[in-house]
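Written below as structure tokens is the structure these notes are about.
The values are calculated or read from the model by the stated rules, or taken from the named source; none is laboratory data. Note that this is a predicted model, so its numbers are computed, not measured. Reconstructed Cβ throughout: ideal geometry from the backbone, glycine too, with neighbour counts over all protein chains shown. Ligands, DNA and RNA are excluded from the accessible area calculation, which covers all protein heavy atoms including side chains. Shrake-Rupley method; radii C 1.70, N 1.55, O 1.52, S 1.80 Å.
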Amino acid sequence: RSVFPPLNGEHQSKSVNDAFLANPSLSVFLAASYTDSSDDETSPRDKQQKNSKGNGDFCIKNIKQADFGRREIEIAEQEMPALMALRKRAQGEKPLAGAKVVGCTHITAQTAVLMETLSALGAQCRWAACNIYSTQNEVAAALAEGGFSVFAWKGESEDDFWWCIDRCVNLEGWQPNMILDDGGDLTHWIYKKYPNMFKKIKGIVEESVTGVHRLYQLSKAGKLCVPAMNVNDSVTKQKFDNLYCCRESILDGLKRTTDVMFGGKQVVVCGYGEVGKGCCAALKAMGSIVYVTEIDPISHCPIMDGFRLVKLNEVIRQVDIVITCTGNKNVVVREYLDRMKNGCIVCNMGHSNTEIDVASLRTPELTWERVRSQVDHVIWPDGKRIVLLAEGRLLNLSCSTVPTFVLSITATTQALALIELYNAPEGRYKQDVYLLPKKMGERLGSPYPIHTHNLFLCTHTHTYHCSQTGQPYPIHTHLFLYTHTHTSLCSQTGQSVADAFCLSEPCTISLNRWLNPLK
């Protein structure tokens, strides 16, 4: 108010001009704040940008936003104690010296802390976004200003998305030797376009259920060319990132986009894995009437948690909100979309945009109406409309943010997995998918002041680890659990748990020299 006094006409213009002359940074602030608006429709691919050091090996929205992105990264560092401790303790030894990491993840302030940690440990990084809506443009600018090769901006087209991934991978004179992926798109692109690169790649680290599923498919078909580390099914990722993160971010994403009141609303959550559990718990606490759909015969625990287990076609006409979080495809098809009530909110909390059949809505008889960023009305000929969020893409990272604390644990797990695969002697890992050792996950909990005990070390948690392999039961494997016995069987194959896993010995590289200081 002191900068822009409530004057009219020429006096107001003069006051504004005087304010900019007195404080030139205001013009940068306004330019940065409104970069996502319609004022700048130029595609980043058509711009020639360089950072302050003259480097132009990046493609982002606006390099002038770098200062604001740097401040966001500094805030994120305060909530990422494990990752910062790993950076402090291990940067002297440079365990990733010589590593050339190509990554495809959400580009946020938290990811930036991970990238800068990998760089401090000796790695060279090139990065693209795994989601066309989740990139924080100011953070991408800060990374580009810091010398990172980043190719991403919020609101990419499908063509832009694959172009950015290709720019990360296809650089003359630069050959990646490690992959850090979220969803499997980067791995898929290299496998499809540059298969010879796998001759020098030491391993893949994958963090999402979708990407892990794709890796297991490759492994089963005998087409997995390098060892891969499954971060998604680690103890830390399942509990913190999938459960606790989604428990908070589902409400944030829905509120920011629709301003909906949850009390009394009827909501159906498709899928009752860790993500589904988090969503259900949050919505129930806000007073919503929550229904759950789940096809896994072992996951009927929503009944025990007080939720009604239904088939989607039983409630689709009456619910106010539909949320998918299965990791599957075609969960909500056109038939269900046609039967929804007027004003029904439809969104997805899974990684991929295949759970809601959005393609079936792009037909001549339906009208699309943009309400605000990431919010569309899809209108039927009779006037009925549904509210589609983020065009069926990941709601929380497309329309809001997620807790930094949670991402610290996942990011540290990813960093340790990269260190393990990169430093493993030849022959330790075969061309298969591996889980992180349980002990590694337990130690990651120690830097976090959660009351007076470590969440990972409670007795109940330990009863859900295979006593033969020491590994946690992976979510992708359906298990019949007989506590304290060795008779757990895979419902798909009938094998014992140890046989079904097909895991070799756990990691043996001495990560203790970096993990112990985290205590």
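On the protein heavy atoms, probe 1.4 angstrom, tell me the percent of accessible surface of the stretch 243-399 carried by carbon and sulfur. All intermediate terms of the calculation are to be shown ahead of the outcome.
Numbers: 3320 of 6570 Å².
The computed percentage sits at 50.
Count the lysine pairs in the stretch 243-399 that are 8 or more places apart or on different chains: how many have C-alpha atoms under 15 angstrom apart?
Working: LYS255/LYS265; LYS265/LYS284; LYS265/LYS341; LYS341/LYS384.
Count of close lysine pairs: 4.
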message: With the cut-off at 1.5 for a/c, could you classify the stretch 243-399 from its C-alpha gyration tensor as rounded, prolate or oblate?
response: prolate
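Could you order ARG214, ARG126, ARG317 by accessible surface area, starting with the largest, using a probe radius of 1.4 Å? Walk me through the numbers before you get to the answer.
Details: ARG214 75, ARG126 10, ARG317 155 Å².
So the residues, ranked largest to smallest area, are ARG317, ARG214, ARG126.
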message: Under 22 Å between alpha carbons, and skipping anything fewer than 8 positions from LYS193 in its own chain: which lysines qualify?
response: LYS100, LYS202, LYS220, LYS223
Sparsely packed trypsin sites (Lys or Arg not before Pro) within the stretch 322-375, loop by DSSP, other Cβ within 10 Å at most 15: LYS329, LYS341, ARG362
task: Would you list the P(r) distribution for the stretch 356-431, with all Cα-Cα distances sorted into 10 Å bins from 0 and each bin expressed as a whole %?
output: 15, 28, 17, 18, 15, 7, 1
statement: Result for the stretch 243-399: accessible area per residue, probe 1.4 angstrom, in square angstrom, of 42 Å²
query: Can you list the HN-Hα couplings for the stretch 407-419, worked out from phi with the Karplus curve (6.51, -1.76, 1.60; θ = phi - 60°), rounded to whole Hz and with x for Gly and Pro?
result: 5, 4, 5, 5, 5, 5, 4, 4, 4, 5, 5, 4, 4
